[in-house]
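Asker: Below you will find the structure I want to go over with you.
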């Protein structure tokens, strides 16, 4: 009797601990993202060229994005947060050649429009922390 009661308690505990994990909302995918280094930025001409890849297992290739008035240039932030917008007169200085960026874009093929361009900084090494 005690063994059955204990077994039922364990099963109840396991079911109760798994149920809240299923209620967690998932973040909707917000489009395409490319990671790479800035090759050229022409704000006046409305183009951004990045040596980028869409996935870790791909070879980097030159991707040319249209830059519009709606394109946001930001620094900092983490996934899911906005970051700090860059002032219009500081865009060329902040996103200079060889800066590592993440570009969230729309479109397919050669018709790509940048929605958000974010400077990516490397995380500090866990081993180097005191």
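Asker: Would you be able to tell me the number of residues in the stretch 64-99 that are surrounded by 11 or more Cβ atoms within 10 Å (Cβ to Cβ), closer than 17 Å to residue 34 by Cβ and over 17 Å from the mean Cα position of the chain (by Cα)?
Answerer: Here the count works out to 3.
Asker: Are there any pairs with C-beta distances below 8 angstrom linking a residue in the stretch 82-96 that is on the phi > 0 side of the Ramachandran plot to a residue that is assigned to a loop (DSSP other than H, G, I, E, B) and surrounded by 11 or more Cβ atoms within 10 Å (Cβ to Cβ), with the two at least 6 apart or on different chains, and if so which?
Answerer: As it stands, the answer is 83/76; 83/77, since those pairs meet every condition given.
Asker: Looking at the stretch 43-50, is at least one residue surrounded by fewer than 16 Cβ atoms within 10 Å (Cβ to Cβ) and touching a helix residue (DSSP H, G or I) at 6+ places or on another chain (Cβ under 7 Å)?
Answerer: Yes, the stretch 43-50 has at least one match.
Asker: How about the stretch 1-57: which of its residues are under 30 Å from residue 89 (Cα atoms), part of a loop (DSSP other than H, G, I, E, B) and at pLDDT 80 or above? Full working, then the answer.
Answerer: At the first step, the residues of the stretch 1-57 found to be under 30 Å from residue 89 (Cα atoms) are 30-54.
Applying the additional criterion that residues be part of a loop (DSSP other than H, G, I, E, B) yields 30-31, 43-46, 54.
Passing the criteria: 43, 44, 45, 46.
Asker: Still on this model: What about residue 121, is it modelled with pLDDT of 90 or more, exposed (fewer than 12 other Cβ atoms within 10 Å of the Cβ) and assigned to a loop (DSSP other than H, G, I, E, B)? Please lay out each step first, then the result.
Answerer: Values: modelled with pLDDT of 90 or more: no; exposed (fewer than 12 other Cβ atoms within 10 Å of the Cβ): yes; assigned to a loop (DSSP other than H, G, I, E, B): yes.
Considered against the rule, which asks whether it is modelled with pLDDT of 90 or more, exposed (fewer than 12 other Cβ atoms within 10 Å of the Cβ) and assigned to a loop (DSSP other than H, G, I, E, B), residue 121 comes out as no.
The values are calculated or read from the model by the stated rules, or taken from the named source; none is laboratory data. If you're wondering where the values come from, they're calculated on a predicted model, not measured in any experiment. Backbone-built Cβ (ideal geometry, glycine too); neighbour counts: all protein chains shown.
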